[in-house]
Every structure is written in structure tokens, then in C-alpha cells.
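I have placed the structure first, in the form of C-alpha cells, so that the comments after it can refer back to it.
The values are calculated or read from the model by the stated rules, or taken from the named source; none is laboratory data. Fair warning: this is a prediction, and the values are worked out from it, not measured in the lab. Positions of Cβ are generated from backbone atoms using ideal geometry, with glycine treated the same way; all protein chains shown enter the neighbour counts. Accessible surface is based on the protein model in full, side chains and every heavy atom, while ligands, DNA and RNA are left aside. Shrake-Rupley method; radii C 1.70, N 1.55, O 1.52, S 1.80 Å.
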Amino acid sequence: MNILLDTHIALWYLNGDSRLSKKAKSYIDDWENTIYFSIASMWEIEIKHILHPDKMISTGNDFLLNCENARFSFLPLHPDHINLLHTLKRNKKATPHNDPFDRMLISQAKSEKMLFLSHDGLLSDYNEKCVEIV
């Protein structure tokens, strides 16, 4: 199975963070799965590092190197990923979700027919089959 990791899931895995669920870890550690990280995650981390280096100590390049060392596969952005953004609709009564990086990651996973692993429960309100909250 092809799996795209949400930024925080990738960071938690790479840093051995106890917040990573056993389910997420089992998906990532399963050698039959191909694990992907997105250029959007690298971009998100770099922006957070620039704005708050005390909170986001990793740079985008640190993230890239750590993902490559973990043998994660790289997923670039393509026009199809951007063109699918308009298909992401949230439930009308859902709590607002204002993270454009999450929407891009969902769009990438949807376009590439990947499973998208996240810990963010707000993402389930997109009702996309590719999203799995772990």
C-alpha cells in the first residue's frame, strides 16, 4: 500500500515521539507499504522553523534528510494535486479547519490513490476515503 504521512506523523516517527500511535507505527514499519512524505511537509516545516525556531527546531532540509535516511519516498507537487483542491468539501456543521498544508496533503493522497495518515481529527470532516485518523 502507498501511504502519505501527515507532517506531524512523519516528525513523530522520525523523532521516536511517544505521541505516535501504535497503529500509525505499524503502518509505517510494515515493509509491504511504501511510505511517502510530501514536499508540502518540507515547506510547512521550513516556514514554522523560520517563524518559531524555538518550537520547530528542525529545518525543512533536516526533515528531508531524515526522511531519506528512513527510506521514505519523496512526493513532489503536481498540477493535478492542486486542481483537486476544489473537490475537498467539509461537513457544513464541522469545526473550521484552516490549515492549507493539510488540504494539499489530502489532495495529493487523493490524486495518487494513497492512504493519508494523520492524527488531526478535524480531517475526518472532509469525508475523503483516503484519510485515516490514527
(request) State all residues of region 103-118 that are touching a strand residue (DSSP E or B) at 6+ places or on another chain (Cβ under 7 Å) and closer than 24 Å to residue 19 by Cα; if no residue qualifies, say none. (result) 105, 106, 109, 114, 115, 116, 117, 118
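Considering only residues that are assigned to a helix (DSSP H, G or I), of a type in the set (S, T, N, Q) and under 17 Å from residue 37 (Cα atoms), which ones fall in region 80-133? Quick ask: steps written out before the conclusion?
Step one: list which residues in region 80-133 are assigned to a helix (DSSP H, G or I), which gives 80-83, 85-87, 100-112, 121-126.
This time we only want the ones that are of a type in the set (S, T, N, Q), so: 83, 87, 107-108, 111, 124.
Listed by number, the residues that qualify are 107, 108, 111.
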(request) Spot the failing condition for residue 52; the list is (1) touching a Leu at 6+ places or on another chain (Cβ under 9 Å); (2) of a type outside the set (Gly, Ala, Ser); (3) farther than 22 Å from residue 131 by Cβ, and only one is missed. (result) (1)
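Against the condition in contact (Cβ under 8 Å) with a residue 24 or more places away in the chain and open to solvent by 10 Å² or more (accessible area, probe 1.4 Å), how does residue 73 come out, does it pass?
Details: in contact (Cβ under 8 Å) with a residue 24 or more places away in the chain: yes; open to solvent by 10 Å² or more (accessible area, probe 1.4 Å): yes.
Judged against the criteria, residue 73 is a match.
Can you find a residue in region 57-70 that is closer than 25 Å to residue 23 by Cβ and modelled with pLDDT under 95? Working first, answer last.
The initial filter retains those residues of region 57-70 that are closer than 25 Å to residue 23 by Cβ, namely 58, 63, 66-70.
Among the residues that remain, those that are also modelled with pLDDT under 95 are: 58.
Yes, the conditions are met somewhere in region 57-70.
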(request) Residues being buried (at least 21 other Cβ atoms within 10 Å of the Cβ) and either assigned to a loop (DSSP other than H, G, I, E, B) or not hydrophobic (A, V, I, L, M, F, W, C) (or both): count how many of those fall in region 1-10. (result) 2
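With the condition kept exactly as written, say whether any residue in region 63-82 is over 25 Å from residue 25 (Cβ atoms) and of a type in the set (A, V, I, L, M). Quick ask: steps written out before the conclusion?
Within region 63-82, the subset over 25 Å from residue 25 (Cβ atoms) is 76-82.
When the remaining residues are screened for being of a type in the set (A, V, I, L, M), the result is 77, 82.
Checked region 63-82: at least one residue is over 25 Å from residue 25 (Cβ atoms) and of a type in the set (A, V, I, L, M).
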